[in-house]
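The block underneath contains the structure these notes are about, expressed in structure tokens.
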């Protein structure tokens, strides 16, 4: 198995009494598009800044391509950072901005000109060489910042919320371009975002951070469908949390007696009598007309139209409220109105056993 391009071991960063990054271990392979996801204050940007060399860890190691970066200042690390504000030099042209890092490498002017031309073509900004950043749109500025970051051929590119300044439509378009470009050039990207949809659609792997810790990593589909904790389940998309007690039948089969009165089978490292929590995504719930045929009986309490989908609020027998998401174009056997009884069904693999029972 090939060694990772980036290896972080036991990293800890504190700002006075505030512990920003706590005992983080992480491997990122060459050519990955790795996304650090988490709410504000979770430590994701601090972790990014530590890799870049802008903050000094209290302990731990950051190893890039076999070399320990601890003693290297930011400008000597084979790493570039694309900042949230893009940080373009307003007095320099597009070409001069892209060439900035190349001039610091003291390359020949012909080599610089050739690389600038190559980067302009890569980000589709030919013809804008003489323009100043102030005359560019937000999306164009983002492309120039990306070209400038990639021009010196860094081993690792760090991206700090690179799409946050763009409006929704442009953000989605630029995100798709960013993914295509990364796959084309093969440079390893580590990106920070708090946008769940952005992480799911862009990443080859996701790392979810919470209170300074890296709580789960894996491919987007795995982390989304098999969250390990209540926090991950709720933060990465919407999730219903069902609670119950593990029971063992006479034939040894484990099941959970849910607080809403239903019983579901379960697999995992659990013991009889243990209190557990299960995550269930709203889109995995199916509404059925006959409450006897449904896995769980519920009463509709509300409906919200969201364009491409509808959300139904459903009150269970124990008084708890869960949500079901249905595509707007889908023809349902039942479309309950508030107060109407309805049955809920789902496939057994829709339930994810959580490690905590908050």
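Per-residue answers, yes or no, for (1) over 23 Å from residue 177 (Cα atoms); (2) at pLDDT below 90:
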{"residue": "94", "(1), (2)": "no, no"}
{"residue": "97", "(1), (2)": "no, no"}
{"residue": "106", "(1), (2)": "yes, yes"}
{"residue": "110", "(1), (2)": "yes, no"}
{"residue": "117", "(1), (2)": "no, no"}
{"residue": "125", "(1), (2)": "no, no"}
{"residue": "137", "(1), (2)": "no, yes"}
Checklist entry - For residue 350, are the conditions met, namely being modelled with pLDDT of 90 or more and surrounded by 18 or more Cβ atoms within 10 Å (Cβ to Cβ)? => result no
Picked from region 264-276 (must be in a strand (DSSP E or B) and surrounded by 14 or more Cβ atoms within 10 Å (Cβ to Cβ)), the residue modelled with the highest pLDDT is 276
Taking region 292-331 and keeping only residues that are surrounded by fewer than 16 Cβ atoms within 10 Å (Cβ to Cβ), in contact (Cβ under 8 Å) with a residue 24 or more places away in the chain and assigned to a loop (DSSP other than H, G, I, E, B), one is left with 292, 293, 317, 318
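Just checking, which of 152, 162 is within 18 Å of the chain's Cα centre (by Cα), under 26 Å from residue 78 (Cβ atoms) and part of a loop (DSSP other than H, G, I, E, B)?
Working: 152 fails: within 18 Å of the chain's Cα centre (by Cα).
Criteria check complete, one pass: 162.
Please enumerate the residues belonging to region 5-26 that are more than 20 Å from residue 81 (Cβ to Cβ) and without any contact (Cβ under 8 Å) to a residue 40 or more places away in the chain.
Step one: filter region 5-26 for residues more than 20 Å from residue 81 (Cβ to Cβ), giving 9-10, 12, 14, 16-19, 22-23, 25.
16, 17, 18 - these are the residues of region 5-26 that are more than 20 Å from residue 81 (Cβ to Cβ) and without any contact (Cβ under 8 Å) to a residue 40 or more places away in the chain.
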Residue 84 meets each of (1) closer than 20 Å to residue 153 by Cβ; (2) in contact (Cβ under 8 Å) with a residue 60 or more places away in the chain; (3) not in a strand (DSSP E or B) with one exception, condition (1)
Scanning region 180-200 for residues that are in a strand (DSSP E or B) and closer than 17 Å to residue 123 by Cβ gives 189, 191
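What are the residues in region 317-336 that are modelled with pLDDT of 85 or more and in contact with a strand residue (DSSP E or B) (Cβ under 7 Å, 6 or more places away or on another chain), if any? Break it down into steps so the answer makes sense when it comes.
First, pick out the residues of region 317-336 that are modelled with pLDDT of 85 or more: 317-327.
Answer for region 317-336, where residues must be modelled with pLDDT of 85 or more and in contact with a strand residue (DSSP E or B) (Cβ under 7 Å, 6 or more places away or on another chain): 317, 321, 322, 323, 324, 325, 326, 327.
What are the residues in region 122-147 that are within 25 Å of the chain's Cα centre (by Cα) and either assigned to a loop (DSSP other than H, G, I, E, B) or within 27 Å of residue 50 (Cβ to Cβ) (or both), if any? Show your work before the answer.
Pass one, region 122-147, residues within 25 Å of the chain's Cα centre (by Cα): 123, 138-147.
The answer is 123, 141, 142, 144, 145, 146, 147.
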Fill in: Test: residue in region 205-216 that is in a helix (DSSP H, G or I), within 21 Å of residue 179 (Cβ to Cβ) and assigned by TED's automatic domain parsing to the domain that holds residue 20
no
Is there a residue in region 121-131 that is farther than 19 Å from residue 192 by Cα, in contact with a strand residue (DSSP E or B) (Cβ under 6 Å, 6 or more places away or on another chain) and in the same structural domain as residue 212 (by TED's automatic domain parsing)?
no
Item to check | Any chance residue 284 is surrounded by 16 or more Cβ atoms within 10 Å (Cβ to Cβ) and either touching a helix residue (DSSP H, G or I) at 6+ places or on another chain (Cβ under 8 Å) or not assigned by TED's automatic domain parsing to the domain that holds residue 340 (or both) | outcome: yes
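The values are calculated or read from the model by the stated rules, or taken from the named source; none is laboratory data. On a predicted model such as this, the values are computed, not experimentally measured, just so you know. Glycine also receives a Cβ, built like all others from the backbone with ideal geometry; neighbour counts cover every protein chain displayed.
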